[in-house]
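Asks: This is the structure, below, for whatever I ask next.
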Amino acid sequence: MHAVPALPRILTIAGTDPTGGAGVQADIKSIQAAGGYSYSVVTSLVAQNTTGVQEIFTPPVEFLRAQLRSVTDDVEIDAIKIGMLGTTEIIDVVRDFLTAHAQNCRVVLDPVMVASSSDRLLTREAEAALRELARLADVITPNLPELAVLADAEPATDFDAAIAQARGLARELGTTVIVKGGHLGGAHADNAVVTAESVHRVPVQRVDTNNTHGTGCSFSSALATKLGAGLGTPAATEWASRWLHEAIAHADALGVGRGHGPVDHGHMNRRMQRAADTRPEHFLLIDAPPTPPLAAPAGPHTQALWDASAPYLTAIMELPFIRALGDGTLRREDFLFYLEQDAYYLVRYARSLHALGGAWAEDANEAIADEQEMQRTWLADLDRETLPSPITRAYTDFLLASTLGEPAAIGQAAVLPCYWLYYEVGARLAKRNHDAHPYRDWLATYAGDEFLASVRGAIDRCERTLADDPDALDAAVRACAVASRYELDFFDQADRAWVIRDV
């Protein structure tokens, strides 16, 4: 295969959707969201919207050949995504194109054969031609009714049966089959990468929404982009699955159409843009309402510190990372990324507490030691050096600068959110803890009585220090707000890291 460029170049061959939720319009959005540059060749002009298909016009196949020639005569292609083809003649043209031009490309075929309503979209003759076309694809991404047609079986009613169908089909066609569990019921809508020899399952939580128009187009296009970028099929499938899950989770907010609306292809990119905002006035502006604390302030000074911290707690509790941590659906790799960063953080945080001296140093020697022991248990099998992320480095540098270079009141206010906010998060999530919870130790640690005692001690010490130095209150409040903002970013960073993981 030729060298992969910095920006993978992806060709989509599909029909259209003038309302943008499916077809080449969705493909282009998905390719861009996944980090690629898109080319598009249109097979059919489809008059459709969120309520259904009204009319289809298929240009002469000679014009399809002309479009394909225009692409291959001028530009390089790293991966090809194939969607709606429609007729045997179109399938024949695409087969000839792949045979002549796809030797150095990854090919993803989304075999559009059966609608979500189970209506057949191709004639039997065209279905047979599409089945032969699948032999030229590296990966095929059928929905469960399409998988059943290709496997000449009844639609699978459970995930294991779908995987069995896919393994037989992968063996027969010499390709990789992605099993998509979206048509099944239950809390999970897992995907799986299935070959004749192996199965790689990708966990996906189901989203309760009717706005899933174009999910097949979008998934296969994102998958093709990551394959074109050089990822293996399991890693590309995991990326596309996570990206699409976020797009589906925020689909309702789009408000597009009266029927089954589209997914929000751009949500992840907008989220990353917000996270990258470098405006100073943005850093400390949180428009979330404050949340009353479970661990009460010790007086008016720590009430002022809590007022600076409280909006960040509201924002933290809404983070996807925290919600998934609480209900036990957080991906293990995300939790390990968080723990790796926390392990680095605690070493420098302990230095900050030692700089404050007294009971703060005692906490560093006792409470932090328990946290580090929990981390060592989780991270025992990791064979890489833990390096700080930019967020972790910035946060710990801020704490060291505050405790080593500022008056005691400011240094204490800076370290307080790591006590107070952590307890507030842990205590709220602990209501969901149970013996089978995968992160029960973490929840128990930060909601436990020993940690609460440390938190109350820290709050009391801050109150006394500020009572002795009331002129430092404004600076202490600001230090507490800055540290709280870092706490928000610290929790959120694992949900940013996956976007570029393995790329």
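The values are calculated or read from the model by the stated rules, or taken from the named source; none is laboratory data. The model shown is predicted, which means the values in this text are computed figures rather than measured ones. As a convention, Cβ positions derive from the backbone with ideal geometry for all residues, glycine included, and neighbour counts pool all protein chains shown. What goes into the accessible areas is simple: the full protein's heavy atoms, side chains included, and nothing from ligands, DNA or RNA. Shrake-Rupley method; radii C 1.70, N 1.55, O 1.52, S 1.80 Å.
Asks: Any idea of the accessible area per residue across the chain, 1.4 Å probe, to the nearest Å²?
Replies: Value returned for the chain: 43 Å² of accessible area per residue.
Asks: Which label marks the calculated value of Cα extents along the principal axes in Å, given the options [x] 85, 45, 43; [y] 90, 55, 37; [z] 99, 49, 39?
Replies: Calculated Cα extents along the principal axes in Å: the matching label is [x].
Asks: Moving on. Quickly estimate the mean residue ellipticity at 222 nm for the chain, helices only: each DSSP H run with n ≥ 4 gives -39500 (n - 2.57), and the total goes over all residues, rounded to 500.
Replies: Value at 222 nm, helices only: -18000 deg cm²/dmol.
Asks: On the accessible surface of segment 119-267, probed at 1.4 Å, how many percent belong to carbon and sulfur atoms?
Replies: Taking all protein chains in place, segment 119-267 shows 49 percent carbon and sulfur surface.
Asks: So, with a 1.4 angstrom probe, what is the percent of accessible area on segment 326-400 that is carbon and sulfur?
Replies: Taking all protein chains in place, segment 326-400 shows 50 percent carbon and sulfur surface.
Asks: Carbon and sulfur together cover what percent of the accessible area of segment 416-503 at a 1.4 Å probe radius?
Replies: Ligands and nucleic acids excluded, carbon and sulfur reach 47 percent.
Asks: Same structure, new question: Skipping prolines and chain starts, which residues have an amide H placed within reach, meaning under 5 Å, of the one on His213, given they are 5 or more residues away or on another chain?
Replies: Result for His213 returns Gly261, Val263.
Asks: Of the peptides 464-475, 234-245, 156-167, 175-186, how do they stack up when ordered by the mean number of other Cβ atoms within 10 Å, highest first?
Replies: Highest-to-lowest ranking by the protection proxy: 234-245, 175-186, 156-167, 464-475.
Asks: A follow-up question, please. When you count, for each residue, the other Cβ atoms within 10 Å and take the mean per peptide, how do 218-231, 285-298, 136-149 rank with the highest first?
Replies: 218-231, 136-149, 285-298
Asks: Given the peptides 307-317, 432-442, 93-103, 321-331, arrange them by the average over their residues of other C-beta atoms within 10 Å, most packed first.
Replies: 307-317, 321-331, 93-103, 432-442
Asks: Can you list the lysines whose alpha carbon sits under 26 Å from that of Lys81, skipping same-chain ones fewer than 8 residues off?
Replies: Lys81 reaches Lys29, Lys180, Lys226.
Asks: Which of the DSSP-defined H helices in the chain satisfy a minimum axial length of 20 Å, computed from C-alpha atoms, and a minimum mean Kyte-Doolittle hydropathy of -1.0?
Replies: Answer set is 159-173, 233-249, 300-317, 332-356, 390-405, 408-429, 449-468, 473-492.
Asks: Give me, ordered by chain and number, the residues 5 or more places off Gly15 or on other chains with an amide H under 5 Å from its own placed amide H.
Replies: Here Val24, Thr43, Ser44, Met84 satisfy the definition.
Asks: What residues have an amide H closer than 5 Å to that of Val107, excluding those fewer than 5 places away on the same chain, when H is modeled at 1.01 Å from N in the peptide plane?
Replies: Ile80, Asp138, Val139
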